[in-house]
Amino acid sequence: MGLSVALELTKRNPLAHIAVLEKEPEPGLHASGRNSGVLHCGIYYASDTLKAKLCAKGAALMRAFAEEHCIPCERNGKIIIPTSAQDLPTVERLLSNAADHGIRAEKLDVQAVKALEPYANPYQVGIHCPDTAVIDGKGVIQQLRRMLEAQGVRFFWNCKIVEVVPAAKCVKSATDSFSYGYLLNCAGAHADRLAKMFGLAQNHALVPFKGIYYKLSPRSAGLVKNSIYPVPDIALPFLGVHLTRVISGDVYVGPTAIPALGRENYGLLQGIEWAESLTIAQRLAQLYWDNSQNFRLLAHSEMKKYLKTYFLDAARKLVPALKAEDLLPTQKSGIRPQLVNIAEQRLEMDYLLEHTENSLHVLNAISPAFTCGFAFAELLVDRMP
Ligand SMILES: Cc1cc2nc3c(=O)[nH]c(=O)nc-3n(C[C@H](O)[C@H](O)[C@H](O)COP(=O)(O)OP(=O)(O)OC[C@H]3O[C@@H](n4cnc5c(N)ncnc54)[C@H](O)[C@@H]3O)c2cc1C
């Protein structure tokens, strides 16, 4: 997000002094370098959301960027399949979203689904989204970095912002101090922390969710031609375990949305800050207690996915021929920087923007923020004074 915004700024004002402050030694070590690499078509999102406004446009801009810079990207489409009668109303809802937003999506009968994905197991119907694509996301990040460096954007690596002085228009790392005319906070899973330093995001707190993946063995990868997704629970901001043939040709299974205990809790205990973990655990307990958006069911079903057998169950609902030995463990995992609305005790479904006179903050940059990146950057720069 930060790199996309920097690119948009250079396009609009080539003489602007732009600096990217990044706490890591290189870009893409967090969500943007750890996702499924899918350019979503936007079928999941209701009309009144920023996600709906930005997704299809962002995907088109990113496909064009990939083509221009020879970054691997394949518009191979995906199938969304119901697995029980309960899913059928949501199928209609998704099709109506698609119609509302001019997204290409076709309702198929079982035979037509099987012509595209012979091993899928749809209940009565399926939806084909031909514009869904897979992309080399790290390739996008590297290309953005090269272009920005060539245009004179200054990068400060290993530069974690730990303090802000909004009145002086200044942010500080452990060793340096930076003054700014305008600041855009695109800090992903840490964005709410930074925003709070500006007195913003007072109604929100982070509850991170971990996405882990398995990979299909070479023997079974042929069971999936492109991508097979379940019909999601549209009350929740997660899509459910799906099968995606990524740009390398491997088929990944996942990701989960397992409640996690830290903003960078990629492994079992890795990335946990114990003091904050306690607060996160309390927030999760509160959500569990209130049970809004059916949180208990989500927590039960997702926690079980730490066990391979339950993970396999989720994958087998889509492709019954899969066997335990077909799922190979991977190190791939990511954290969804999910915000909870504290007053209403519910997970925020859409992106949130908050601002001060001299700063704009991107909060809840959950999926599909990677797809939306370039369109999102346009919107953010439009909102700058
Ligand atoms: C498992 C998973 C699968 C996903 N799949 C998809 C998908 O298929 N398609 C899709 O469109 N989206 C997907 N998403 C969502 C998408 O990856 C994210 O929404 C998007 O990458 C967010 O980008 P970002 O720039 O906001 O965050 P990030 O990529 O996390 O970048 C934030 C950057 O800010 C830096 N930073 C943080 N705090 C500070 C600080 N204090 N000082 C300096 N630097 C700081 C971090 O080091 C990081 O580099 C997925 C997400 C996950 C977790």
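The values are calculated or read from the model by the stated rules, or taken from the named source; none is laboratory data. Treat the numbers as computed from the prediction; the structure is a model and nothing was measured. For neighbour counting, all protein chains shown are included, and Cβ atoms are generated from backbone atoms with ideal geometry for every residue, glycine included.
What about ALA56, is it closer than 30 Å to LEU148 by Cβ and in a helix (DSSP H, G or I)?
Considered against the rule, which asks whether it is closer than 30 Å to LEU148 by Cβ and in a helix (DSSP H, G or I), ALA56 comes out as yes.
Looking at this structure, is LEU339 crowded, with 20+ Cβ neighbours inside 10 Å, in contact with a helix residue (DSSP H, G or I) (Cβ under 7 Å, 6 or more places away or on another chain) and among the aliphatic types (A, V, I, L, M)? Can you show your working first?
Values: crowded, with 20+ Cβ neighbours inside 10 Å: yes; in contact with a helix residue (DSSP H, G or I) (Cβ under 7 Å, 6 or more places away or on another chain): yes; among the aliphatic types (A, V, I, L, M): yes.
The answer is yes for LEU339.
Quick check on region 318-340. Is at least one of its residues under 29 Å from HIS190 (Cβ atoms) and more than 16 Å from the ligand (Cβ to nearest atom)? Show your work before the answer.
First, pick out the residues of region 318-340 that are under 29 Å from HIS190 (Cβ atoms): 329-340.
From the residues that got through so far, the ones that are more than 16 Å from the ligand (Cβ to nearest atom) too are 340.
Looking through region 318-340, at least one residue is under 29 Å from HIS190 (Cβ atoms) and more than 16 Å from the ligand (Cβ to nearest atom).
If you scan region 315-336, which residues turn out to be part of a loop (DSSP other than H, G, I, E, B) and touching a helix residue (DSSP H, G or I) at 6+ places or on another chain (Cβ under 9 Å)? Quick ask: steps written out before the conclusion?
Going residue by residue through region 315-336, those that are part of a loop (DSSP other than H, G, I, E, B) are 319-323.
Across region 315-336, the qualifying residues are VAL319, ALA321, LEU322, LYS323.
Take the conditions on the phi > 0 side of the Ramachandran plot and not basic (Lys, Arg) and apply them to ASN265. Does it pass? Walk me through how you get there before you give the answer.
On the way: on the phi > 0 side of the Ramachandran plot: no; not basic (Lys, Arg): yes.
Against the criterion (on the phi > 0 side of the Ramachandran plot and not basic (Lys, Arg)), ASN265 does not qualify.
Condition first: surrounded by fewer than 18 Cβ atoms within 10 Å (Cβ to Cβ) and part of a strand (DSSP E or B). Now tell me which residues in region 164-175 satisfy that. First the steps, then the outcome.
Residues of region 164-175 surrounded by fewer than 18 Cβ atoms within 10 Å (Cβ to Cβ): 165-170, 172-175.
Selection gives VAL165, CYS170, LYS172.
When you check LEU88 against the structure, is it without any contact (Cβ under 8 Å) to a residue 40 or more places away in the chain, assigned to a loop (DSSP other than H, G, I, E, B) and either away from the ligand (no atom under 12 Å from the Cβ) or assigned by TED's automatic domain parsing to the domain that holds ILE161 (or both), yes or no?
On the way: without any contact (Cβ under 8 Å) to a residue 40 or more places away in the chain: yes; assigned to a loop (DSSP other than H, G, I, E, B): no; either away from the ligand (no atom under 12 Å from the Cβ) or assigned by TED's automatic domain parsing to the domain that holds ILE161 (or both): yes.
The answer is no for LEU88.
When residues of region 196-223 are filtered for being within 11 Å of the ligand (Cβ to nearest atom) and in contact (Cβ under 8 Å) with a residue 60 or more places away in the chain, how many remain? Quick ask: steps written out before the conclusion?
First, pick out the residues of region 196-223 that are within 11 Å of the ligand (Cβ to nearest atom): 197, 208-213.
Those still in the list that are in contact (Cβ under 8 Å) with a residue 60 or more places away in the chain too: 208-213.
Qualifying residue count for the region: 6.
Only one of these is of a type outside the set (Gly, Ala, Ser) and over 30 Å from VAL319 (Cα atoms): ASN76, ASN13. Name it.
Values: ASN76 fails: over 30 Å from VAL319 (Cα atoms).
Selected residue: ASN13, the only one of ASN76, ASN13 that is of a type outside the set (Gly, Ala, Ser) and over 30 Å from VAL319 (Cα atoms).
Among the strands (runs of 3 or more DSSP E) confined wholly to region 176-231, which include 1 or more residues that are more than 24 Å from the chain's Cα centre (by Cα), farther than 30 Å from LYS114 by Cα and not aromatic (Phe, Trp, Tyr)?
On the way: elements: 177-179, 183-185, 204-206, 209-216, 227-230.
Once the strands (runs of 3 or more DSSP E) in region 176-231 are filtered for at least 1 residues that are more than 24 Å from the chain's Cα centre (by Cα), farther than 30 Å from LYS114 by Cα and not aromatic (Phe, Trp, Tyr), what remains is 177-179.
Condition test on VAL362, is it touching a residue at least 60 places away in the same chain (Cβ under 8 Å), surrounded by 20 or more Cβ atoms within 10 Å (Cβ to Cβ) and more than 13 Å from the ligand (Cβ to nearest atom)?
Numbers: touching a residue at least 60 places away in the same chain (Cβ under 8 Å): yes; surrounded by 20 or more Cβ atoms within 10 Å (Cβ to Cβ): yes; more than 13 Å from the ligand (Cβ to nearest atom): no.
Answer is no for this residue.
Looking only at region 69-80, decide whether some residue is away from the ligand (no atom under 13 Å from the Cβ), crowded, with 20+ Cβ neighbours inside 10 Å and either charged (D, E, K, R) or outside any loop (DSSP other than H, G, I, E, B) (or both).
yes
If you scan region 5-22, which residues turn out to be closer than 27 Å to VAL246 by Cβ and within 8 Å of the ligand (Cβ to nearest atom)?
Matches in region 5-22: GLU22 only.
Inside region 318-336, can you point out the residues that are buried (at least 17 other Cβ atoms within 10 Å of the Cβ) and closer than 30 Å to VAL125 by Cα? If you could, list the steps in order and put the result at the bottom.
Here is the first cut: in region 318-336, the residues buried (at least 17 other Cβ atoms within 10 Å of the Cβ) are 318-319, 322, 326-327, 332-336.
Across region 318-336, the qualifying residues are LEU318, VAL319, LEU322, ASP326, LEU327.
When the residues of region 49-68 are filtered to those that are in contact (Cβ under 8 Å) with a residue 40 or more places away in the chain and small (Gly, Ala, Ser), which remaining residue is surrounded by the most Cβ atoms within 10 Å (Cβ to Cβ)?
Within region 49-68, the match that is surrounded by the most Cβ atoms within 10 Å (Cβ to Cβ) is ALA59.
For region 353-375, which residues satisfy the criterion of being over 27 Å from TYR252 (Cα atoms) and within 14 Å of the chain's Cα centre (by Cα)?
VAL362, LEU363
Inspect all residues belonging to region 356-368 and state whether any of them is modelled with pLDDT of 95 or more, part of a helix (DSSP H, G or I) and either within 18 Å of LEU287 (Cα to Cα) or of a type in the set (Gly, Ala, Ser) (or both). Spell out the reasoning first.
The first filter runs over region 356-368 and keeps only residues modelled with pLDDT of 95 or more, leaving 356-368.
Keeping just the survivors that are part of a helix (DSSP H, G or I) gives none.
No, region 356-368 contains no residue that is modelled with pLDDT of 95 or more, part of a helix (DSSP H, G or I) and either within 18 Å of LEU287 (Cα to Cα) or of a type in the set (Gly, Ala, Ser) (or both).
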